[in-house]
Amino acid sequence: MAQVQRMSRLMVKTLRDDPADAETLSHKLLVRAGYVRRTSAGIWTWLPLGKKVLENVARVVREEMDAIGGQEVLLPALLPREPYDASGRWDEYGDLLFRVKDRKGADYLLGPTHEEIFTQIVKDQCSSYKDLPVILYQIQTKYRDEARPRSGVLRGREFQMKDSYSFDTTDEGLVESYGLHREAYQKIFARLGLDYRIVSAVSGAMGGSASEEFLAPAAAGEDTFVDCPACDYAANTEAVTFALTPVEGVEHGPVEELDTPDTPTIETLAEHLGVPASATLKNLLVKVDGEIVAVGVPGDREVDLGKLGEHLAPAVVELVTAEDFVGRADLVRGYVGPQGLDKVRYIADPRVAPGTAWITGANKADKHARNVVCGRDFEVDDYLDVVVVEEGDPCPACGTGLKMDRAIEIGHIFQLGRKYADTFQLDVLGQNGKPVRVTMGSYGIGVSRAVAALAEQSADSQGLCWPREVAPADVHVVAAGKALQTELALDVSEKLGAAGVRVLVDDRAGVSPGVKFTDSELIGVPQILVAGRRSAEGVLELKDRRTGEREELTVAEAIARLTA
Ligand code: ATP
Ligand code: MG
């Protein structure tokens, strides 16, 4: 027996107009179709239809997490400060963290993610290698004071996340737990009907090694990723790597100094010399933990400071200021070239490969140098991928020009390693009686965000259009209006419910058929069954919400079709 929801009694108020502040399709439609209402900036109430979809997503996630042996727990959202002090995240999170005080003035936080607490729980519960591996998960409310909570439930300040954590005694064990999650995620997103790509990611503030993101391509997405049109390579823009290919067998002339007055920028230099910016070598000076370092990239490329920071972490990367040049005769601002930088560490993009020749600063005011050859006239201390990726850059896997697309991050899997285990001294007794440090993985799915991502990917100009697994009902029965039609609609609804089909039935009196049809399109249940013109004969019309295909069926045929 499945539920029959009668719209005459259901709290659902649809809106004809988009909410004024809504920019994205999912935001507009979820509000208009009566699924969610804004309570405050980035804080949302889930109304009955919305709660059903949210629960359906959570159910699929739960089933697949259980299938890989995950054990569901529920941790508090209100957490003490101390564990987050121990990990450093009380400070690292900065303004993103919701901090609260209790009546005694003690500090608490609203959990943005729970690595610290899970580590403590496993330390309390598991003492031997026999207790591991273990996978724990929860589906719970998370809090992040996002700078720009927009796009409705896509980016909330309060949101639902499935977070899980794996605990293993060996690195191989961690790889296995990670693999289990990866497969579970593939099943989850396939069942939800989401189009997604798996991309390698940088692990950011979490610290750790292997990390992949699950991205749902959508115009409303806030993530840009690169997608290879020819092979299955896809990556976060920050994770794209460019191969270092030395250039051999090309003879270059000697270094030649050029008079280049008033050309402190690449644009002015390229114009003055009549060369493309790509022929020049740009040397950006930065401070790494207070020490000046030069970063060389082709003149037509931008340095991605975020990427540079990722590579050099935990060192702090800052831009240089005028003061840093005081007493540094070797650094001529605007005219720096690597051939004169003996006292400065030189980091370069792999495009500045051994054997390539460049026009670059001559380390003298108003002068540049031509034919400055990498490996002959200067050495690169470290090659790092630090340029901003651009459309058309070669695919690291097959060389085809890459495409850039927008996407929504719906899931993220990390091999965290021993970072948190070190902080909390999480050891278990090993097989040989000696303590073993535990290694961890951390895995998230944005459950409420997945609802918005699904709405983004499946909606059309008429409204929402849910895949059946997540839809608030399997069929939307619409009674066109007359008493006889309502009677038939309720009768078929009851029979469908008895047969295990989840039904939403529009039995509202005094609402025109036109409004009901518009609402059914907006609400987006995948099948619409109309008791209309031929109700007296017991014939209904079944319409596929997505394709618009219609078919006339008797009650018995409709039940057979919908239970198939
Ligand atoms: P983002 O880059 O979008 O801010 P994140 O990388 O900080 O996300 P994680 O810490 O990886 O997020 O959290 C796990 C998952 O939780 C994300 O993959 C995403 O699906 C979801 N999520 C994160 N922040 C939000 C939010 N503000 N609202 C809704 N879902 C979120
Ligand atoms: Mg993430």
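Tabulated data
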| quantity | calculated |
| --- | --- |
| All strands (runs of 3 or more DSSP E) inside the range 41-155 with 3 or more residues being within 30 Å of Val316 (Cα to Cα) and modelled with pLDDT of 95 or more | 98-101, 107-110 |
| Filtered residues of the range 220-229 (kept if crowded, with 22+ Cβ neighbours inside 10 Å and either at pLDDT 95 or above or within 14 Å of ligand 2 (Cβ to nearest atom) (or both)) | Phe225 |
| Residue match in the range 123-140 (condition: within 16 Å of ligand 2 (Cβ to nearest atom) and either surrounded by 21 or more Cβ atoms within 10 Å (Cβ to Cβ) or not polar (S, T, N, Q) (or both)) | no |
| Checklist (1) in contact with a strand residue (DSSP E or B) (Cβ under 6 Å, 6 or more places away or on another chain); (2) in contact (Cβ under 8 Å) with a residue 60 or more places away in the chain applied to Gln527, failing item | (2) |
| Single residue of the range 177-219 satisfying the filter (in contact with a Ser or Thr (Cβ under 9 Å, 6 or more places away or on another chain) and more than 15 Å from ligand 1 (Cβ to nearest atom)) that is modelled with the lowest pLDDT | Ser209 |
| Scope the range 141-167; condition among the aliphatic types (A, V, I, L, M) and either within 13 Å of ligand 2 (Cβ to nearest atom) or in contact (Cβ under 8 Å) with a residue 60 or more places away in the chain (or both); matching residues | Val153, Leu154, Met161 |
| Members of the range 405-451 found to be within 16 Å of ligand 2 (Cβ to nearest atom) and of a type in the set (Gly, Ala, Ser), listed by number | Ala407, Gly411, Gly441, Ser442, Gly444, Gly446, Ser448, Ala450 |
| Test result for Gly392, free of Cβ contacts under 8 Å to residues at least 40 places away in the same chain, away from ligand 1 (no atom under 16 Å from the Cβ), in contact with a strand residue (DSSP E or B) (Cβ under 8 Å, 6 or more places away or on another chain) and part of a loop (DSSP other than H, G, I, E, B) | yes |
| Residue satisfying condition, being under 19 Å from Ala67 (Cα atoms) and aliphatic (A, V, I, L, M), within set Ile188, Ile117 | Ile188 |
| Residue match in the range 35-56 (condition: among the hydroxyl-bearing types (Ser, Thr, Tyr) and crowded, with 18+ Cβ neighbours inside 10 Å) | yes |
| Matching entry among Met11, Met1 (being surrounded by fewer than 18 Cβ atoms within 10 Å (Cβ to Cβ), free of Cβ contacts under 8 Å to residues at least 40 places away in the same chain and within 27 Å of Thr486 (Cα to Cα)) | Met11 |
| Selection status of Gly34, more than 25 Å from Ala471 (Cβ to Cβ) and either within 26 Å of the chain's Cα centre (by Cα) or small (Gly, Ala, Ser) (or both) | no |
| Verdict on Gly481 being within 26 Å of Gly548 (Cβ to Cβ), away from ligand 2 (no atom under 16 Å from the Cβ) and assigned to a helix (DSSP H, G or I) | no |
| Qualifying residue in the range 432-440 (condition: within 16 Å of ligand 1 (Cβ to nearest atom) and assigned to a strand (DSSP E or B)) | yes |
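The values are calculated or read from the model by the stated rules, or taken from the named source; none is laboratory data. All figures in this text were calculated on a predicted structure; none of them were measured in a lab. A quick note on method: Cβ atoms are made from the backbone with ideal geometry, for glycine too, and the neighbour counts reach across all protein chains shown.
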